[in-house]
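Worksheet: the structure to be examined is printed underneath.
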Amino acid sequence: MSYKQIFRYILLIIVALWTLGPVVWMISLSLKPPTEWYSANIIPKNLILDNYINLFNSSVPIGGTYFMTSIAEAITVPYINSLIVASTSTIFAILVGFCTAYGVSRYRAGGTFTLFFTLLTRMLPGATFVAPLLVYYSTFKLIDTHIALILLYTAVTLTYAIWILKGYIDEIPPEWEEAALLEGAAPWTVITHVTFPLIRGGILASALFIFILNWTEFLFALVLSVTKAITLPVQISLYASAVGRMYGSQAACGLIATIPMVILGYTIQRYLVTGFTFGRVR
């Protein structure tokens with residue numbers, strides 16, 4: 001075995017430990033009783049499932065009595081809220097982003113400055129416009145509603161959708177679309193039957209990226225939701241008290257929260273290979 005191969009194996013082991021280490025630790029923590037939350041052993045001495053079971057009941061989480069915490073609501077409603085908000089805002093961002101990216105790529109709509117201006121909006125920390133948003137949403141009585149988070153998440157992730165999808169559309173030779181037009185196809189038919197199928201992998205990869213951003217967003221959800229529109233990241237933060245955090249419940253909730261992303265990524269994995277090549281269809 002050459003030094004080059006040894007170096008590759010060492011690098012792979014480091015990357016695997018770096019990636020899987022936190023996941024293994026979360027699984028271990030979610031199966032431990034409160035007395036082992038601060039111990040360094042990976043395998044629990046007393047393996048329990050109470051951290052998972054209590055997530056679906058409106059009761060004091062395991063360890064809550066010790067930490068003098070209040071009753072926590074079940075994660076069912078926050079889970080459904082996250083699915084509704086993240087899925088809907090992702091669909092809106094991709095639809096609007098695709099139309100915008102197509103106009104910019106093919107017709108230079110808005111010019112170069114407008115495209116860069118959309119990117120500038122993402123360079124500002126989210127905390128800088130939380131207060132104005134709170135006042136604005138309060139005026140229109142949108143606080144603690146799904147539509148408030150959907151509108152905000154769509155606006156925030158639209159920039160990513162535009163820039164990512166524009167890269168894929170740019171890779172398609174305009175001559176292919178012009179040939180379809182010369183054959184008598186309508187412009188909308190060209191988009192749906194020529195452009196869209198060629199960048200399908202890119203659209204799905206972009207949708208997965210934006211869905212992850214929406215699914216894990218915490219700051220805006222914390223500020224704009226109270227009880228009805230609470231999402232999973234906010235719910236995880238509630239498993240805490242003035243004395244300490246309930247790490248077992250937080251780890252169990254975090255693992256359950258990854259299920260939709262794992263299923264989504266596995267379902268579209270064959271398209272991701274094409275999508276991650278950044279639309280090189282030539």
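The values are calculated or read from the model by the stated rules, or taken from the named source; none is laboratory data. Everything quoted here is computed from the prediction, not taken from an experiment. Neighbour counts run over all protein chains shown; Cβ positions are idealised from the backbone, glycine included. For accessibility, only protein heavy atoms count, side chains too; no ligands or nucleic acids. Shrake-Rupley method; radii C 1.70, N 1.55, O 1.52, S 1.80 Å.
Counting protein heavy atoms only, segment 157-199 has 68 percent of its accessible area on carbon and sulfur, 1.4 angstrom probe.
What accessible area per residue comes out for the chain, rounded to a whole number of Å², with a 1.4 Å probe? Show your work: numbers first, answer last.
Values: 16320 Å² over 282 residues.
I get 58 Å² per residue for the chain.
Where in segment 163-216 are there GluC sites (Glu not before Pro) that are in a DSSP coil and have at most 12 other Cβ atoms within 10 angstrom of their Cβ? Write down the numbers at each step before the final one.
On the way: sites: Glu171, Glu175, Glu177, Glu178, Glu183; in loops: Glu171, Glu183.
Of the GluC sites (Glu not before Pro), the ones in loops of segment 163-216 whose Cβ has at most 12 other Cβ atoms within 10 Å are Glu183.
Computed with a 1.4 Å probe on the full set of protein chains, the accessible area for Ile259 sits at about 80 Å². Round to the nearest 10 and give me the degree value, 0 to 90, for the angle of helix 111-120's Cα axis relative to the longest principal axis of the chain. Tilt of helix 111-120: around 0 degrees. Among the chymotrypsin sites (Phe, Trp or Tyr not before Pro) found in segment 131-205, those both in a DSSP coil and sparsely packed, with 13 or fewer other Cβ atoms within 10 Å of their Cβ, are Phe140. Label-to-label distance for Leu17 and Ala109 is 5.1 nm, based on points extended 7 Å past Cα in the beta-carbon direction. So if I take the centroid of the Cα atoms in segment 34-54 and the same for segment 215-235, what is the distance between those two points in Å? Result: 27 Å between the Cα centres. Taking trypsin sites (Lys or Arg not before Pro) across segment 147-255, the ones in a DSSP loop with at most 13 further Cβ atoms lying within 10 angstrom of their Cβ are Lys228. Segment Leu120..Leu219, full-extension length gain: 33.7 nm, with 0.36 nm per residue of separation and the alpha-carbon distance subtracted.
All C-alpha to C-alpha distances of the chain, sorted into 10 Å bins beginning at zero, yield P(r) values of 6, 21, 26, 23, 15, 7, 2, 0 percent in whole numbers. Accessible area of segment 201-247 with a 1.4 Å probe: how many percent of it is carbon plus sulfur? Of all accessible area on segment 201-247, carbon and sulfur atoms account for 71 percent. Here each label is just a point 7 Å from Cα along the line to Cβ, and for Phe56 and Val24 those points are 2.9 nm apart.
Stretching Phe196 away from Tyr136 to a fully extended chain increases their span by 17.9 nm, per 0.36 nm per residue minus the current alpha-carbon distance. Round to the nearest 10 and give me the degree value, 0 to 90, for the angle of helix 130-139's Cα axis relative to the longest principal axis of the chain. The angle comes out near 80 degrees. Once segment 138-282 is represented by equal point scatterers at the alpha-carbon sites, with solvent omitted, what log10 I(q)/I(0) does the Debye formula produce at q = 0.14 Å⁻¹? With no solvent term, the Cα-only Debye profile gives -0.83.
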